[in-house]
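Below: the structure, in structure tokens.
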Amino acid sequence: MSSFTPLLKKINSPADLKQLKRSELPELAEEIRNTIVDVVSVSGGHLASSLGAVELGIALHYVFDTPNDKILWDVGHQAYAHKLLTGRRDQFPTLRRHGGLSGFTKRSESEHDAFTTGHSSTSISAGLGIACAKRLKKDPAKVVAVIGDGSMTAGLAYEGMNQTGDTHNDKDLIVILNDNEMSISHNVGAISSLLSRTFSASKLQIMRKEFGEFLKSLPRIGENVYQLAKRSEESFKTFVTPGMLFEAFNFEYFGPIDGHNLDHLIDILKNIKKMDEPVLLHVLTKKGKGYRQAEQNPVYFHGVGSFDIDTGICRKKATDIPNYTEVFGQTMVELAQKDDKIIAVTAAMPEGTGLVPFSKAYPDRFFDVGIAEQHGVTFAAGMATEGFRPVVAIYSTFLQRAYDQIIHDVCIEKLPVVFALDRGGIVGEDGPTHHGLFDLSFLRSIPNLVVMAPKDENELRHMLATAVAFNGPIALRYPRGRGVGVDLDDELSTIPIGKAEILSQGDDLLILAVGSGVDEAVCAAALLSKNHQIQSTVVNARFIKPLDEALILPLADSIGRVITIEENTLAGGFGSGILEILADHGMGHVHVKRLGVNDRFVEHGPQNSLRCDYGLDAAAIVKAALEMLGQKESELLRIHHN
């Protein structure tokens, strides 16, 4: 952490912040920015969005009184200043490290974190729930939901706004739209800022209400005159601001204002705090504010690994091994060259899903639907009905949001939609909201859907070719990070649906693995053979559904000892599928040990450390094998030695 932070070092809680003079706050903002850059350059994290929300975080805690008042940071990736101001300054260097601070807001981490976040667009709905609960308890505390303009592309945000603006019930909620994309001229911005601060003043609000009641009380013409006056005010505000949409939801709209002007922010927040109706404050901020490299390349610095502060260059070790995302993106371009029916769909993640090269090569066949996974899946289903082959590339954790659409709009009609699930399994430092540990389970139960996972980056290429050639719904799940390091075939071929492959053969143990677990299984088999003279049959299952019963059942029957490994929750996953087919065929004599994640959420930390902690590496397979063999191990050793 930066050593020169005299003001920040005084702040151990929001109460300490309130002791500072307003004139000191810009200097505090600079210290916070320097601290965020210092820490994220080492630990990685969401840099650009948090740098853009520094003044907003200061102003909110200067005006409101958490934890009594509630501030909800949508997604939580813009809340680093909030963490520094709420008693976590000394812990901040542990950000996103194993056992350290979460990269998002987390209720169990601090009483100042009103809601646990990680996925977008939840703040308005959750904030409204808190506000209504406080009203029932007759608690006058305020609730503030801070949502980014990107999160406003999701339907959930508008569902929350729709109920908030329902005039049948009084609802007291403040929504702050942190807009770092809209371009607005200085003159209009200055006028809007002046109008917002003026319109929000408590005396004017009282006068408006009293005058409105007076107009409505006029005999015969009162209601008409009132509506005319209301429309005139709204027309004037709409002319100089983009607030018509929010006014339509019955929010009192103010803005846009400069989100880096602390005096203006504090003034308007103090005025808004006195209001008792739904309010939306539109704040303009700059992503990456204060760090030149992040300002120039906010997309890259949205979520970044460790980097050199002076240059902004990533510190990752140089390697020629591509990551799975890059291989997927490259293969999409190759397939699209030969098939003009292939369409790419993503939900505000073209960079994260590797589709930028596709979007440049085939802009007419690339669709970014915004943070709207539900819409994206149904949109793809519509295209599939017209003969296209849409590939929906979404992180595993975010596809959870579209579960109903997968069932209702794709699988019932057996539409040929490909689901490319990036970041399947353990993802690392983003933690429990982002691990893709449930997809094998929630997809395996859906009729008509094929589910597969490659053992390496080369098999990913062939599986993608298989997926786009398949005439029905199919899901392809692959991990975050670098591939295994195998050579990539020049020619693409298809894999028979439901066909597994045997990688090694032995009579002592059967190891059934899928996806990233295959490489660990191969390593474990080598260790068992070298150190314990235990010979294993290793099977790359390839398909979670359908399973290759013709290959698996005879092997399980003859060997009698089976270990399954998957980077997924054990409940309903790959191992459960193996148990099911064994039970269905009356093979209760087969001893099965399933390796995966038990009934819990996995915290944040390096991928390899977490795999070790949760028994998903080669060492865990070896341990399970030795425990399974038990007393028979000594006999096996004697036989092999002889």
Worksheet item: Can you give me the relative contact order of the range 324-477 as a percent, contacts being Cα pairs under 8 Å and 6 or more apart?
Response: 23
Discussion item. Please give me, ordered by residue number, the chymotrypsin sites (Phe, Trp or Tyr not before Pro) of the range 519-609 that lie in loop per DSSP and have at most 14 other Cβ atoms within 10 Å.
Written reply: F601
Worksheet item: Amide H to amide H under 5 Å from I343: which residues, 5+ apart in sequence or cross-chain, H placed 1.01 Å off N in plane?
Response: R389, V391
Discussion item. Rounding to the nearest 10 and keeping the result within 0 to 90°, find how far the Cα-based axis of helix 457-469 lies from the longest principal axis of the chain.
Written reply: 80
Worksheet item: Percentage of Cα-Cα pair distances in the range 324-477 greater than 29 Å, rounded to whole percent?
Response: 6
Worksheet item: By count of other Cβ within 10 Å, fewest leading, how are F246, F438 ordered?
Response: F438, F246
Worksheet item: Sorting S516, S441 on the 10 Å Cβ count, fewest up front, what's the list?
Response: S441, S516
Item to complete: List the residues whose amide H sits under 5 Å from the amide H of V143, counting only those 5 or more places along or on another chain, with H placed 1.01 Å from N in the peptide plane.
Response: K70, I174
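About the Cα centre, and with charges only on the beta carbon of Lys, Arg (+1) and Asp, Glu (-1), how big is the dipole of the chain? Nearest 20 debye, please.
Dipole of the chain, to the nearest 20 debye: 1720 debye.
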Worksheet item: Roughly what angle does helix 549-559 make with the longest principal axis of the chain, taking Cα atoms, 0 to 90 degrees, to the nearest 10?
Response: 60
Item to complete: Show me 621-630, 34-43 ranked by packing, highest mean number of other Cβ atoms within 10 Å first.
Response: 34-43, 621-630
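Using only helices, what value at 222 nm comes out for the chain when you add -39,500 (n - 2.57) per DSSP H run of length 4 or more and divide by the total residues, to the nearest 500 deg cm²/dmol?
-12000 deg cm²/dmol
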Worksheet, complete the sentence: In whole Hz, the Karplus estimates of ³J(HN,Hα) for the range 336-346 (6.51, -1.76, 1.60; θ = phi - 60°; x where Gly or Pro) are 5, 5, 9, 9, 7, 8, 6, 10, 10, 10, 9
Practice prompt. Please quote Rg/Rh for the chain to two decimal places, taking the Kirkwood radius as Rh and restricting both calculations to Cα atoms.
Written response: 1.04
Item to complete: Decide, for the range 1-117, between rounded, prolate and oblate: order the square roots of the alpha carbon gyration tensor eigenvalues as a ≥ b ≥ c, take rounded if a/c falls under 1.5, and otherwise choose prolate if a/b is larger than b/c, else oblate.
Response: oblate
Worksheet entry | Phi-based couplings in Hz for the range 427-444 (Karplus 6.51, -1.76, 1.60; Gly and Pro marked x) | 9, x, 6, 7, x, x, 6, 10, 4, x, 9, 10, 5, 4, 6, 6, 8, 4
Worksheet entry | Contact order relative to length of the chain, as percent, for alpha carbon pairs under 8 angstrom and 6 or more apart | 11
Worksheet item: Roughly how many whole Å is it from the C-alpha centroid of the range 72-131 to that of the range 289-351?
Response: 26
Worksheet entry | Folded to 0 to 90 degrees: helix 54-63 orientation relative to the chain principal axis, Cα | 60
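Bear in mind these aren't lab numbers, they're just calculated from the coordinates by the rules spelled out. On a predicted model such as this, the values are computed, not experimentally measured, just so you know. Note that each Cβ is placed from the backbone with ideal geometry, even for glycine, and that neighbours are counted across all protein chains shown.
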